[in-house]
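The values are calculated or read from the model by the stated rules, or taken from the named source; none is laboratory data. Quick caveat: nothing in here was measured; it's all calculated off a predicted structure. Cβ placement follows ideal geometry from the backbone for every residue including glycine, while neighbour counts extend to all protein chains displayed. We work out accessible area using only protein heavy atoms, side chains counted, and drop any ligands, DNA or RNA first. Shrake-Rupley method; radii C 1.70, N 1.55, O 1.52, S 1.80 Å.
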Amino acid sequence: MWRREEGVVEFEVAVGGEAADTFDLEKTVCSHGLFMLSPNHWDPLSRTFSRPLRLNDDTDNSLMVSISQHLSKSLLVRVYGNRSLSPKHQESLLVQIVRMLRLSDMDEFNAREFRKIVSAFEGEECPLIGDFGGRVLRSPTLFEDMVKCILLCNCQWSRTLSMADALCKFQIELHSQSPQQKHAFNHFIPNTPVKKEPKRKIRLSKVPTESMDLEAADTCLTTDDSQMKISNSLNCVDDGSFDNLKSCQGSNTFYSTGPYATSDIQSHLVTQHCAKKTTGNFPSPRELANLDERFLAKRCGLGYRAGRIIKLAQGIVEGRIPLREFEQVSNGGSLSTYSKLTDQLREIEGFGPFTRANVLMCMGFYHVIPTDSETVRHFKQVHAKNSTIKTVQSEAEEIYRKFAPFQFLVYWAELWHFYEQRFGKLSEMPCSNYKLITASNLRNKGHHKAKRAKISRAD
């Protein structure tokens, strides 16, 4: 079932069944600005997604993992730096992959229902169906999603990128030091509060702190249609069996022909990249809980966000913020569940309406749109609305009401269409250009060319 060679363990996640028409790796990975944030890495040449993943919840040890779409309609997963994996570690990695790519039964149901609702109003040829798969990438853990939602607040996209990268590089430092050095890091003196950032540094000084100047941060992307099928609900995650994992027959089979084909040289380069990549994993709650607020703010350029992140980590470590319970409750996605989770998130410092809506989107709720200055810009340029930060939420509810409960997915598909016309296919953009996705590059320039996909209105 598993192929082990030169420190690389390979396995195939067989695909098929109901996900045949709705899953595409490139569309799923490159569907949200999260794919640009460290430690995520998308390689446009080989169409491979890679990042470190933890072996289990009880350790901070990570292995680099790459995921590619197999020509035989399956996922090829490569785990670097180990010659073998225990069943527990295998299952842990698979659970994280399923979460990131939204491969559960509920995710498949949502993707299909999204397509049905949009096609009912717009027809089967609607660009929103062909260009957007109905799945939005998320992190392997809810904690990482929550922290990254905090990093989106009140700053330019380039700074969000740098803060995420700094946290991952800092994670390496934590594990490369002696026990004495780690102790010094974790108990940095003096333990003083972080000084608030001056209002002049916050682009939206009159906007609540939970809002953000997204600067086109989160983007819907696409690729050519492919015919991938995901095996029925990846049963191995639920019952511990790995019957749907098949041994890989080698890179020549995987990269030989077809729309995702790459040469043996390209395959070798991807393997080298993943095997030698030194980017750290995203820090865990345990790694951040004992840090000094001022030290973390300065080390990673987090500003006031450092205090919120540390308090979140402490609440999780101490059991006051039950993330596992949050995720269990979110299964099913009922409105009553959404209200309950919203109330619980409201009690966490820094989780205002915008941040809560983003986090709950990551948990599978798509009926509330996180609105901010980017939404205001989008409505003005695409919907000819004279929006303000005070009116944009009610306008969002009006515009997308008929697509319930998938208002967010339609909104995000529209954003993808606009961004692609402005920047080109973002899944093919080199990572060095991610920082160019800013509000200043979206406003005015080429405005007359930025026409949205046709969306009928219920005026």
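Computed quantities for the displayed model
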{"quantity": "Helices (runs of 4 or more DSSP H) contained in the stretch 293-393 and holding at least 3 residues more than 18 Å from the chain's Cα centre (by Cα)", "calculated": "293-300, 305-317, 323-330, 335-346, 373-382"}
{"quantity": "Flag if Arg377 is among the basic types (Lys, Arg), surrounded by fewer than 22 Cβ atoms within 10 Å (Cβ to Cβ) and at pLDDT 95 or above", "calculated": "no"}
{"quantity": "Test set (1) in contact with a Phe, Trp or Tyr (Cβ under 6 Å, 6 or more places away or on another chain); (2) open to solvent by 10 Å² or more (accessible area, probe 1.4 Å) - Phe49 fails condition number", "calculated": "(2)"}
{"quantity": "Residue that is farthest from Ser46 (Cα to Cα) [pool: residues in the stretch 427-440 that are modelled with pLDDT under 90 and crowded, with 17+ Cβ neighbours inside 10 Å]", "calculated": "Ala439"}
{"quantity": "Which numbered condition Lys27 misses (of (1) charged (D, E, K, R); (2) at pLDDT below 90; (3) not in a strand (DSSP E or B))", "calculated": "(2)"}
{"quantity": "Residue that is nearest to Ser373 (Cα to Cα), among those in the stretch 394-406 that are open to solvent by less than 60 Å² (accessible area, probe 1.4 Å) and in a loop (DSSP other than H, G, I, E, B)", "calculated": "Phe406"}
{"quantity": "Enumerated helices (runs of 4 or more DSSP H) restricted to the stretch 84-154, each holding at least 1 residues that are farther than 23 Å from Gly352 by Cα and touching a residue at least 60 places away in the same chain (Cβ under 8 Å)", "calculated": "87-101, 105-122, 127-130"}
{"quantity": "Residue in the stretch 66-82 that is touching a strand residue (DSSP E or B) at 6+ places or on another chain (Cβ under 7 Å), in a loop (DSSP other than H, G, I, E, B), open to solvent by 10 Å² or more (accessible area, probe 1.4 Å) and over 23 Å from Cys431 (Cβ atoms) present", "calculated": "yes"}
{"quantity": "Hey, Ala413 modelled with pLDDT under 90 and part of a loop (DSSP other than H, G, I, E, B) or not", "calculated": "no"}
{"quantity": "Positions within the stretch 1-24 being at pLDDT below 80 and either under 30 Å from Asn433 (Cα atoms) or surrounded by 18 or more Cβ atoms within 10 Å (Cβ to Cβ) (or both), in sequence order", "calculated": "Ala14, Val15, Ala19, Thr22"}
{"quantity": "Selection from the stretch 83-93 of residues that are closer than 12 Å to Val9 by Cβ and either surrounded by fewer than 21 Cβ atoms within 10 Å (Cβ to Cβ) or within 20 Å of the chain's Cα centre (by Cα) (or both)", "calculated": "Arg83, Ser84, Leu85, Ser86, His89, Leu93"}
